[in-house]
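Read through the structure below, which is laid out as structure tokens, and then see the notes.
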Amino acid sequence: AVVSTQSTGAQQRLDIPVSREVVEVSLNKAVIGKAFKKAAGAVSGAIANLTDSQKEAMKEQLESGNPYKVVLEGGEECEVTPAMVSGIKTVIRTEHVREFVPNVIEPSFGIGRILYCILECNFKVRENDEKRTWLNLPPLIAPTKCSVLPLSSNEQFTPYVEKISADLRKLGIPNKVDDSSGAIGRRYARTDEIGIPFGITVDFDTIKLNSVTVRERNTCSQIRVPLDEVTELVNRLCLDQTSWNDAKLNYPEFTSQETV
């Protein structure tokens with residue numbers, strides 16, 4: 001490491017020694033020490049860290065009588081003159097060990113911090129209404145993916161709510177039924193706060209027309225969907241197999257029952 005000056009490398013003994021050509025630079029340390037003083041060690045290290053092609057280029061430049069520039073770790077350039085190098089040659093080096101710097105993935109930050117980052121990055125506030133907050137959790141990671149809401153406490157809605165919830169569970173879609181007595185807009189807001197991406201509402205048209213509304217959390221827009229198609233649509237939306245914009249093209253838009 002740079003600060004501690006301790007090596008962070010490791011060694012592995014090779015079963016079969018490996019021979020390869022390397023370019024070695026022999027330095028005149030007395031001349032380098034006199035020229036660079038305290039920086040002499042850094043200059044020597046920078047030369048040692050040159051690639052073989054860079055060492056060959058340095059050899060050609062020094063043999064022509066010109067200095068060769070090396071760059072230190074801090075970005076400072078130093079000129080190496082011919083007098084500072086006593087020889088540059090290619091030799092055969094046989095290696096019995098492999099030197100390397102281990103790379104480690106450190107997962108010790110824990111799941112708590114991951115969840116905190118997800119919640120913080122997805123916390124939103126409705127435009128022009130600071131009291132209405134919502135979590136922009138993608139459907140794939142939202143713990144509860146769909147809410148099922150009767151428009152009111154009318155008992156006629158109960159069988160539809162129970163069937164839709166059961167059908168969603170059969171498809172493996174976690175869902176929440178909110179049949180409390182609050183206004184539908186307030187119940188929408190509650191589901192938005194906990195990041196539920198889609199909501200199915202059973203209303204009087206469900207009884208008359210056998211259809212329900214599907215609401216999308218981010219835009220608060222709604223579409224009217226036949227009862228026998230709604231769970232499959234929500235499943236495809238949750239699996240990212242279709243988009244909300246595509247769903248709006250295939251089903252009529254519904255504009256109502258959003259007031260808080």
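Just check segment 1-99 against the gyration tensor rule for me: Cα atoms, a ≥ b ≥ c as the square roots of the eigenvalues, rounded for a/c under 1.5, and otherwise prolate or oblate depending on whether a/b exceeds b/c. Verdict is oblate for segment 1-99.
Over the chain, accessible surface divided per residue gives 63 Å², non-protein components excluded, 1.4 Å probe. Full extension of the segment from Ser86 to Lys170, taken as 0.36 nm per residue of separation minus the current Cα-Cα distance, would add 22.2 nm. With the convex hull drawn around the C-alpha atoms of segment 131-235, the volume per residue stands at 87 Å³.
Neighbours of Phe36, meaning other residues whose beta-carbon lies under 11 angstrom from its beta-carbon, give a summed charge of +2 when Lys and Arg score +1 and Asp and Glu score -1.
Using the Cβ-Cβ distance between Phe100 and Leu239 with R0 set to 41 Å, the FRET efficiency works out to roughly 0.45. Taking a ≥ b ≥ c as the square roots of the eigenvalues of the Cα gyration tensor, segment 56-200 is classed as prolate, since a/c reaches at least 1.5 and a/b is larger than b/c. How would you classify the chain from its alpha-carbon gyration tensor, with a ≥ b ≥ c the square roots of the eigenvalues: rounded for a/c under 1.5, else prolate if a/b is greater than b/c, otherwise oblate? Cα axes put the chain in the prolate bin.
As an exercise, use a Förster radius of 45 Å and the Cβ-Cβ distance of Asp205 and Phe123 to find the FRET efficiency, rounded to the nearest 0.05. Calculated value: 0.85.
In whole percent, how big is the carbon plus sulfur part of the accessible area of the chain, probe 1.4 Å, protein atoms only? So the carbon and sulfur contribution to the accessible surface is 52 percent. Checking the cross-link pairs Lys34/Lys59; Lys124/Lys145; Lys131/Lys170 against a 28 Å limit on the alpha carbon distance flags Lys131/Lys170 as lying beyond it.
The values are calculated or read from the model by the stated rules, or taken from the named source; none is laboratory data. Small disclaimer: the values here were computed from a predicted structure and weren't measured. A quick note on method: Cβ atoms are made from the backbone with ideal geometry, for glycine too, and the neighbour counts reach across all protein chains shown. With ligands, DNA and RNA removed, areas are computed over all heavy atoms of the protein, side chains included. Shrake-Rupley method; radii C 1.70, N 1.55, O 1.52, S 1.80 Å.
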